[in-house]
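Everything below concerns the one structure shown next.
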Amino acid sequence: MNIPLINIASLYSDDEAAKLQIARAIDSACRESGFFYIQGHPISKARINEMRELSKAFFALPEAEKVKIDITRSANHRGYGRMKAEQLDPERPGDIKETFDMGLNLAPDHPLIGPDRPLYGPNQYPQLPAGFQQKMERHYWDMLELGKTVLSALAMALGIDRAFFSDKFEHPLSVLRFIHYPEVPLDNGERHIGAGAHTDYGCITILWQDETGGLQVQDTTGEWIDAPPVEDAFVINIGNMMARWSNDRYKSTPHRVFSPGGRERHSMPFFVEPDFDTDVSCLENCCAPGETPKYQPISAGEWMIYCFNNTYSYRAEETT
(Lines give C-alpha, C1' and ligand atoms only; values in the text may rest on other atoms or scores of the structure.)
Protein backbone atom coordinates (compact mmCIF):
# COMPACT_ATOMS: atom_id res chain seq x y z
CA MET A 1 0.00 0.00 0.00
CA ASN A 2 1.24 3.45 -0.89
CA ILE A 3 0.16 6.43 1.24
CA PRO A 4 0.95 9.39 -1.01
CA LEU A 5 2.11 12.84 0.08
CA ILE A 6 0.09 15.53 -1.72
CA ASN A 7 0.91 19.24 -1.65
CA ILE A 8 -2.43 21.08 -1.64
CA ALA A 9 -1.05 24.63 -1.85
CA SER A 10 -2.61 25.13 -5.31
CA LEU A 11 -6.08 24.66 -3.84
CA TYR A 12 -5.61 28.16 -2.43
CA SER A 13 -4.68 29.61 -5.85
CA ASP A 14 -6.57 30.52 -9.03
CA ASP A 15 -4.78 27.83 -11.05
CA GLU A 16 -7.65 25.58 -12.13
CA ALA A 17 -5.39 23.08 -13.89
CA ALA A 18 -3.30 22.65 -10.74
CA LYS A 19 -6.45 22.20 -8.63
CA LEU A 20 -7.66 19.47 -10.97
CA GLN A 21 -4.29 17.74 -10.72
CA ILE A 22 -4.56 17.72 -6.91
CA ALA A 23 -8.13 16.42 -7.14
CA ARG A 24 -6.97 13.55 -9.36
CA ALA A 25 -4.17 12.65 -6.94
CA ILE A 26 -6.63 12.67 -4.03
CA ASP A 27 -9.11 10.59 -6.04
CA SER A 28 -6.44 7.96 -6.69
CA ALA A 29 -5.44 7.85 -3.00
CA CYS A 30 -9.07 7.55 -1.85
CA ARG A 31 -9.77 4.70 -4.26
CA GLU A 32 -6.62 2.76 -3.42
CA SER A 33 -6.02 3.18 0.30
CA GLY A 34 -8.36 5.81 1.74
CA PHE A 35 -5.30 7.54 3.25
CA PHE A 36 -2.98 10.33 2.15
CA TYR A 37 -0.72 12.99 3.66
CA ILE A 38 -1.11 16.70 2.89
CA GLN A 39 1.44 19.47 2.93
CA GLY A 40 1.09 23.06 1.73
CA HIS A 41 -1.77 23.74 4.16
CA PRO A 42 -2.13 27.04 6.08
CA ILE A 43 -1.86 25.62 9.63
CA SER A 44 1.49 26.89 10.90
CA LYS A 45 4.07 24.98 12.87
CA ALA A 46 3.73 27.60 15.61
CA ARG A 47 0.00 26.86 15.86
CA ILE A 48 0.60 23.12 16.10
CA ASN A 49 3.18 23.65 18.83
CA GLU A 50 0.74 25.88 20.71
CA MET A 51 -1.98 23.24 20.53
CA ARG A 52 0.45 20.51 21.54
CA GLU A 53 1.31 22.45 24.69
CA LEU A 54 -2.40 22.90 25.48
CA SER A 55 -2.87 19.16 25.14
CA LYS A 56 0.04 18.42 27.45
CA ALA A 57 -1.22 20.94 30.00
CA PHE A 58 -4.65 19.34 30.05
CA PHE A 59 -3.47 15.75 30.43
CA ALA A 60 -0.99 16.80 33.14
CA LEU A 61 -3.90 17.86 35.35
CA PRO A 62 -4.70 15.60 38.31
CA GLU A 63 -7.28 12.94 37.49
CA ALA A 64 -9.63 14.52 40.01
CA GLU A 65 -9.61 17.73 37.93
CA LYS A 66 -10.08 16.01 34.59
CA VAL A 67 -13.06 13.95 35.71
CA LYS A 68 -14.90 17.14 36.66
CA ILE A 69 -15.56 17.42 32.92
CA ASP A 70 -15.95 13.68 32.31
CA ILE A 71 -17.64 12.94 29.00
CA THR A 72 -20.34 10.96 30.82
CA ARG A 73 -21.51 14.27 32.35
CA SER A 74 -22.18 15.70 28.90
CA ALA A 75 -25.44 15.15 27.04
CA ASN A 76 -23.65 15.88 23.75
CA HIS A 77 -20.47 13.81 24.14
CA ARG A 78 -17.98 16.54 25.08
CA GLY A 79 -15.19 16.56 27.63
CA TYR A 80 -12.72 14.12 29.15
CA GLY A 81 -12.61 10.46 28.16
CA ARG A 82 -10.93 8.31 30.80
CA MET A 83 -8.47 5.55 30.09
CA LYS A 84 -10.25 2.61 28.40
CA ALA A 85 -13.52 4.57 28.12
CA GLU A 86 -13.48 3.99 24.37
CA GLN A 87 -13.44 0.52 22.83
CA LEU A 88 -12.91 0.96 19.11
CA ASP A 89 -12.32 -2.72 18.41
CA PRO A 90 -15.12 -4.81 19.99
CA GLU A 91 -12.81 -7.83 19.98
CA ARG A 92 -10.19 -6.09 22.13
CA PRO A 93 -10.29 -4.51 25.63
CA GLY A 94 -10.74 -0.77 26.09
CA ASP A 95 -8.19 1.48 24.37
CA ILE A 96 -5.17 2.53 26.42
CA LYS A 97 -5.57 6.25 25.92
CA GLU A 98 -7.29 9.28 27.41
CA THR A 99 -9.02 11.97 25.39
CA PHE A 100 -10.49 15.45 25.40
CA ASP A 101 -13.26 16.25 22.90
CA MET A 102 -14.66 19.65 21.97
CA GLY A 103 -16.89 20.84 19.15
CA LEU A 104 -19.30 23.56 18.17
CA ASN A 105 -19.92 25.41 21.43
CA LEU A 106 -23.63 26.23 21.66
CA ALA A 107 -25.33 27.93 24.59
CA PRO A 108 -27.68 25.64 26.54
CA ASP A 109 -30.73 27.59 25.29
CA HIS A 110 -29.75 27.47 21.60
CA PRO A 111 -32.76 26.50 19.43
CA LEU A 112 -30.86 23.61 17.79
CA ILE A 113 -30.45 21.84 21.13
CA GLY A 114 -33.08 19.29 22.01
CA PRO A 115 -34.01 15.61 21.94
CA ASP A 116 -34.14 15.56 18.13
CA ARG A 117 -30.48 16.64 17.83
CA PRO A 118 -28.71 15.27 20.92
CA LEU A 119 -25.17 15.90 19.66
CA TYR A 120 -25.57 19.68 19.86
CA GLY A 121 -24.77 21.59 23.05
CA PRO A 122 -22.08 23.33 25.09
CA ASN A 123 -18.51 22.18 25.51
CA GLN A 124 -16.98 21.29 28.86
CA TYR A 125 -13.68 23.06 29.48
CA PRO A 126 -11.05 22.38 32.17
CA GLN A 127 -9.85 24.79 34.82
CA LEU A 128 -6.71 25.97 33.05
CA PRO A 129 -5.20 29.45 32.61
CA ALA A 130 -7.23 31.98 30.65
CA GLY A 131 -7.04 31.54 26.90
CA PHE A 132 -7.52 27.76 26.72
CA GLN A 133 -11.10 27.95 25.44
CA GLN A 134 -10.36 30.77 23.00
CA LYS A 135 -7.35 28.98 21.52
CA MET A 136 -9.26 25.71 21.20
CA GLU A 137 -12.18 27.33 19.42
CA ARG A 138 -9.94 29.35 17.10
CA HIS A 139 -8.11 26.18 16.07
CA TYR A 140 -11.42 24.33 15.66
CA TRP A 141 -12.66 26.81 13.06
CA ASP A 142 -9.31 26.96 11.25
CA MET A 143 -9.24 23.16 10.99
CA LEU A 144 -12.82 23.17 9.73
CA GLU A 145 -11.81 25.56 6.92
CA LEU A 146 -8.94 23.23 6.02
CA GLY A 147 -11.38 20.33 5.95
CA LYS A 148 -13.76 22.21 3.66
CA THR A 149 -10.87 22.98 1.32
CA VAL A 150 -9.96 19.29 1.10
CA LEU A 151 -13.64 18.44 0.58
CA SER A 152 -13.78 20.87 -2.35
CA ALA A 153 -11.04 18.81 -4.01
CA LEU A 154 -12.95 15.62 -3.20
CA ALA A 155 -16.03 17.11 -4.86
CA MET A 156 -13.98 17.83 -7.97
CA ALA A 157 -12.64 14.27 -7.89
CA LEU A 158 -16.18 12.88 -7.62
CA GLY A 159 -17.32 14.95 -10.57
CA ILE A 160 -19.86 16.99 -8.62
CA ASP A 161 -20.17 20.72 -7.93
CA ARG A 162 -17.03 21.68 -6.00
CA ALA A 163 -19.23 23.66 -3.59
CA PHE A 164 -21.40 20.60 -2.81
CA PHE A 165 -20.08 20.26 0.74
CA SER A 166 -19.58 23.95 1.51
CA ASP A 167 -23.12 24.70 2.75
CA LYS A 168 -23.28 21.61 4.95
CA PHE A 169 -21.15 23.01 7.79
CA GLU A 170 -23.21 25.89 9.17
CA HIS A 171 -23.59 24.08 12.51
CA PRO A 172 -21.14 21.20 12.13
CA LEU A 173 -20.85 18.09 14.25
CA SER A 174 -17.08 18.25 13.67
CA VAL A 175 -14.92 17.41 16.67
CA LEU A 176 -11.41 18.45 17.67
CA ARG A 177 -9.84 15.83 19.90
CA PHE A 178 -6.69 15.65 22.01
CA ILE A 179 -5.39 12.12 22.62
CA HIS A 180 -2.76 11.04 25.13
CA TYR A 181 -1.30 7.54 24.98
CA PRO A 182 0.59 7.06 28.26
CA GLU A 183 3.85 5.25 28.80
CA VAL A 184 2.92 1.57 29.05
CA PRO A 185 5.48 -1.19 29.72
CA LEU A 186 5.74 -3.87 27.06
CA ASP A 187 3.74 -7.01 27.79
CA ASN A 188 6.09 -9.94 27.16
CA GLY A 189 7.77 -7.84 24.50
CA GLU A 190 4.45 -6.90 22.88
CA ARG A 191 3.12 -3.36 22.55
CA HIS A 192 -0.38 -2.62 23.81
CA ILE A 193 -3.14 -1.46 21.49
CA GLY A 194 -3.65 2.24 22.14
CA ALA A 195 -6.55 2.50 19.70
CA GLY A 196 -8.16 -0.68 18.43
CA ALA A 197 -8.73 -1.38 14.75
CA HIS A 198 -11.59 0.77 13.48
CA THR A 199 -12.90 2.97 10.72
CA ASP A 200 -13.81 6.62 11.35
CA TYR A 201 -17.42 7.75 11.40
CA GLY A 202 -17.49 11.04 9.50
CA CYS A 203 -16.51 12.55 6.15
CA ILE A 204 -12.75 12.83 6.54
CA THR A 205 -10.32 12.92 9.45
CA ILE A 206 -7.35 15.31 9.58
CA LEU A 207 -4.70 13.95 11.94
CA TRP A 208 -1.63 15.49 13.50
CA GLN A 209 0.58 12.97 15.26
CA ASP A 210 3.78 13.56 17.18
CA GLU A 211 7.16 12.09 16.30
CA THR A 212 6.54 8.88 18.27
CA GLY A 213 4.58 7.11 15.53
CA GLY A 214 2.34 4.11 16.10
CA LEU A 215 -0.38 4.64 13.49
CA GLN A 216 -0.99 1.64 11.24
CA VAL A 217 -3.27 1.23 8.23
CA GLN A 218 -4.67 -2.07 6.97
CA ASP A 219 -4.01 -2.82 3.31
CA THR A 220 -6.25 -4.81 0.97
CA THR A 221 -4.54 -8.08 1.94
CA GLY A 222 -5.16 -7.54 5.65
CA GLU A 223 -1.56 -6.60 6.44
CA TRP A 224 -0.84 -3.65 8.75
CA ILE A 225 1.30 -0.87 7.23
CA ASP A 226 2.99 1.87 9.28
CA ALA A 227 1.85 5.45 8.61
CA PRO A 228 4.71 7.33 10.28
CA PRO A 229 4.63 11.07 11.02
CA VAL A 230 5.80 13.35 8.20
CA GLU A 231 7.10 16.80 9.11
CA ASP A 232 4.63 19.64 8.50
CA ALA A 233 2.07 17.18 7.18
CA PHE A 234 -1.34 15.97 8.27
CA VAL A 235 -2.65 12.48 7.63
CA ILE A 236 -6.06 12.48 5.93
CA ASN A 237 -8.34 9.47 5.86
CA ILE A 238 -11.79 8.77 4.50
CA GLY A 239 -14.57 8.09 7.00
CA ASN A 240 -17.70 5.95 6.79
CA MET A 241 -19.95 8.88 5.92
CA MET A 242 -17.93 9.66 2.81
CA ALA A 243 -17.90 5.95 1.91
CA ARG A 244 -21.71 6.02 2.07
CA TRP A 245 -21.91 9.21 -0.01
CA SER A 246 -19.59 7.75 -2.65
CA ASN A 247 -21.18 4.26 -2.60
CA ASP A 248 -17.79 2.84 -1.55
CA ARG A 249 -15.94 4.44 -4.44
CA TYR A 250 -13.82 5.87 -1.63
CA LYS A 251 -12.59 3.48 1.02
CA SER A 252 -13.05 3.90 4.76
CA THR A 253 -9.96 1.96 5.73
CA PRO A 254 -9.39 0.21 9.07
CA HIS A 255 -6.54 1.66 11.11
CA ARG A 256 -5.18 1.34 14.64
CA VAL A 257 -2.57 2.75 17.00
CA PHE A 258 -0.01 0.82 19.00
CA SER A 259 0.90 2.34 22.34
CA PRO A 260 4.66 2.86 22.21
CA GLY A 261 6.49 0.86 24.87
CA GLY A 262 8.13 3.17 27.40
CA ARG A 263 7.12 6.35 25.55
CA GLU A 264 4.03 8.50 25.64
CA ARG A 265 2.32 9.69 22.47
CA HIS A 266 0.17 12.70 21.64
CA SER A 267 -2.07 13.18 18.65
CA MET A 268 -4.78 15.61 17.52
CA PRO A 269 -7.40 14.35 15.10
CA PHE A 270 -10.01 16.69 13.67
CA PHE A 271 -13.13 14.84 12.58
CA VAL A 272 -14.84 16.68 9.72
CA GLU A 273 -18.56 16.03 10.19
CA PRO A 274 -21.41 18.12 8.73
CA ASP A 275 -24.62 19.55 10.17
CA PHE A 276 -26.86 17.12 12.05
CA ASP A 277 -29.67 17.18 9.46
CA THR A 278 -27.41 16.73 6.43
CA ASP A 279 -28.76 14.05 4.12
CA VAL A 280 -26.15 11.37 3.43
CA SER A 281 -27.39 9.58 0.34
CA CYS A 282 -25.53 7.99 -2.55
CA LEU A 283 -24.31 10.67 -4.94
CA GLU A 284 -26.04 10.38 -8.27
CA ASN A 285 -22.91 9.69 -10.30
CA CYS A 286 -21.61 7.10 -7.82
CA CYS A 287 -24.26 4.54 -8.75
CA ALA A 288 -24.69 3.07 -12.22
CA PRO A 289 -28.08 3.50 -13.93
CA GLY A 290 -30.50 0.86 -12.67
CA GLU A 291 -28.20 -0.10 -9.82
CA THR A 292 -29.37 0.03 -6.19
CA PRO A 293 -27.11 2.03 -3.82
CA LYS A 294 -25.34 -0.04 -1.18
CA TYR A 295 -26.60 2.14 1.69
CA GLN A 296 -29.96 3.56 2.67
CA PRO A 297 -30.20 7.35 3.12
CA ILE A 298 -29.53 8.58 6.65
CA SER A 299 -28.93 11.94 8.30
CA ALA A 300 -25.43 12.75 9.47
CA GLY A 301 -26.64 13.07 13.06
CA GLU A 302 -28.46 9.74 13.08
CA TRP A 303 -25.36 8.05 11.70
CA MET A 304 -23.10 9.61 14.32
CA ILE A 305 -25.42 8.61 17.17
CA TYR A 306 -25.47 5.03 15.89
CA CYS A 307 -21.66 4.97 15.82
CA PHE A 308 -21.23 6.50 19.29
CA ASN A 309 -23.72 4.07 20.80
CA ASN A 310 -21.69 1.16 19.47
CA THR A 311 -18.35 2.48 20.75
CA TYR A 312 -18.96 3.90 24.24
CA SER A 313 -20.37 1.68 26.96
CA TYR A 314 -21.91 4.61 28.84
CA ARG A 315 -23.99 5.57 25.78
CA ALA A 316 -25.08 1.99 25.20
CA GLU A 317 -26.29 1.86 28.82
CA GLU A 318 -28.27 5.07 28.30
CA THR A 319 -30.07 3.65 25.27
CA THR A 320 -31.01 0.26 26.76
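The values are calculated or read from the model by the stated rules, or taken from the named source; none is laboratory data. Values in this document were obtained by computation on a predicted structure and should not be read as measured data. As a convention, Cβ positions derive from the backbone with ideal geometry for all residues, glycine included, and neighbour counts pool all protein chains shown.
Determine whether Ser28 is polar (S, T, N, Q), surrounded by 18 or more Cβ atoms within 10 Å (Cβ to Cβ) and either touching a Ser or Thr at 6+ places or on another chain (Cβ under 9 Å) or in a helix (DSSP H, G or I) (or both). No, not satisfied.
Yes/no matrix, rows are residues, columns are (1) in a loop (DSSP other than H, G, I, E, B); (2) within 20 Å of Asn237 (Cβ to Cβ); (3) polar (S, T, N, Q); (4) at pLDDT 95 or above:
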{"residue": "Leu106", "(1), (2), (3), (4)": "yes, no, no, yes"}
{"residue": "Pro122", "(1), (2), (3), (4)": "yes, no, no, yes"}
{"residue": "Gln127", "(1), (2), (3), (4)": "yes, no, yes, no"}
{"residue": "Gln133", "(1), (2), (3), (4)": "no, no, yes, yes"}
{"residue": "Met136", "(1), (2), (3), (4)": "no, no, no, yes"}
{"residue": "Leu144", "(1), (2), (3), (4)": "no, yes, no, yes"}
{"residue": "Lys148", "(1), (2), (3), (4)": "no, yes, no, yes"}
{"residue": "Ala155", "(1), (2), (3), (4)": "no, yes, no, yes"}
{"residue": "Arg162", "(1), (2), (3), (4)": "yes, no, no, no"}
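Within the range 88-98, can one find any residue that is crowded, with 18+ Cβ neighbours inside 10 Å, in contact (Cβ under 8 Å) with a residue 40 or more places away in the chain, closer than 23 Å to Trp245 by Cα and in contact with a Lys or Arg (Cβ under 9 Å, 6 or more places away or on another chain)? Scanning the range 88-98 turns up at least one residue that is crowded, with 18+ Cβ neighbours inside 10 Å, in contact (Cβ under 8 Å) with a residue 40 or more places away in the chain, closer than 23 Å to Trp245 by Cα and in contact with a Lys or Arg (Cβ under 9 Å, 6 or more places away or on another chain).
Taken over the range 201-213, the criterion of being more than 19 Å from Ser259 (Cβ to Cβ) and assigned to a loop (DSSP other than H, G, I, E, B) is satisfied by Tyr201, Gly202, Cys203. The set of residues in the range 255-274 that are in a loop (DSSP other than H, G, I, E, B) and over 25 Å from His41 (Cα atoms) comprises Ser259, Pro260, Gly262, Arg263, Glu264.
Across the range 170-181, a minimum of one residue is classified as under 17 Å from the mean Cα position of the chain (by Cα), surrounded by 17 or more Cβ atoms within 10 Å (Cβ to Cβ), among the hydroxyl-bearing types (Ser, Thr, Tyr) and not in a loop (DSSP other than H, G, I, E, B).
Among residues of the range 13-25 that are farther than 13 Å from Leu151 by Cα, none has a Cβ under 6 angstrom from a residue that is basic (Lys, Arg) and in a loop (DSSP other than H, G, I, E, B) at a sequence gap of 6+ or on a separate chain.
Name the single residue that is farthest from the chain's Cα centre (by Cα) among those in the range 129-163 being loosely packed, with under 15 Cβ neighbours inside 10 Å, more than 20 Å from Glu53 (Cβ to Cβ) and small (Gly, Ala, Ser). It comes out as Gly159. When the residues of the range 108-120 are filtered to those that are assigned to a loop (DSSP other than H, G, I, E, B) and surrounded by 14 or more Cβ atoms within 10 Å (Cβ to Cβ), the one that is nearest to the chain's Cα centre (by Cα) is Leu119. Confirm whether Phe35 is more than 21 Å from Leu146 (Cβ to Cβ), in contact (Cβ under 8 Å) with a residue 60 or more places away in the chain and surrounded by 17 or more Cβ atoms within 10 Å (Cβ to Cβ). No: the conditions fail for Phe35.
The single condition among (1) over 25 Å from Asn2 (Cα atoms); (2) modelled with pLDDT of 95 or more; (3) part of a loop (DSSP other than H, G, I, E, B) that Tyr140 does not meet is (3). Among (1) closer than 29 Å to Trp141 by Cβ; (2) assigned to a loop (DSSP other than H, G, I, E, B); (3) modelled with pLDDT of 90 or more, there is one condition Pro293 misses while meeting the rest; what is its number? So the condition that Pro293 fails would be (1). Scanning the range 1-25 for residues that are surrounded by fewer than 17 Cβ atoms within 10 Å (Cβ to Cβ), within 14 Å of Val230 (Cβ to Cβ) and in contact with a helix residue (DSSP H, G or I) (Cβ under 6 Å, 6 or more places away or on another chain) yields one hit, Pro4.
Among residues of the range 271-290 that are free of Cβ contacts under 8 Å to residues at least 40 places away in the same chain and under 15 Å from Ile238 (Cα atoms), those with a Cβ under 6 angstrom from a residue that is buried (at least 19 other Cβ atoms within 10 Å of the Cβ) and of a type outside the set (A, V, I, L, M), sequence gap 6+ or separate chain, pair up as Val280/Arg244; Val280/Trp245. Restricted to the range 271-286, and to residues there that are surrounded by fewer than 16 Cβ atoms within 10 Å (Cβ to Cβ) and among the acidic types (Asp, Glu), the residue that is modelled with the lowest pLDDT is Glu284. Are any of the residues in the range 195-217 of a type in the set (Gly, Ala, Ser), under 22 Å from Pro4 (Cα atoms) and surrounded by fewer than 20 Cβ atoms within 10 Å (Cβ to Cβ)? The answer is yes, given that some residue of the range 195-217 is of a type in the set (Gly, Ala, Ser), under 22 Å from Pro4 (Cα atoms) and surrounded by fewer than 20 Cβ atoms within 10 Å (Cβ to Cβ). Between residues in the range 236-247 that are more than 23 Å from His41 (Cβ to Cβ) and residues that are among the acidic types (Asp, Glu), which pairs lie under 9 Å by C-beta distance while being six or more apart or on different chains? Between residues of the range 236-247 that are more than 23 Å from His41 (Cβ to Cβ) and residues that are among the acidic types (Asp, Glu), the close pairs are Asn240/Asp200; Asn247/Glu291.
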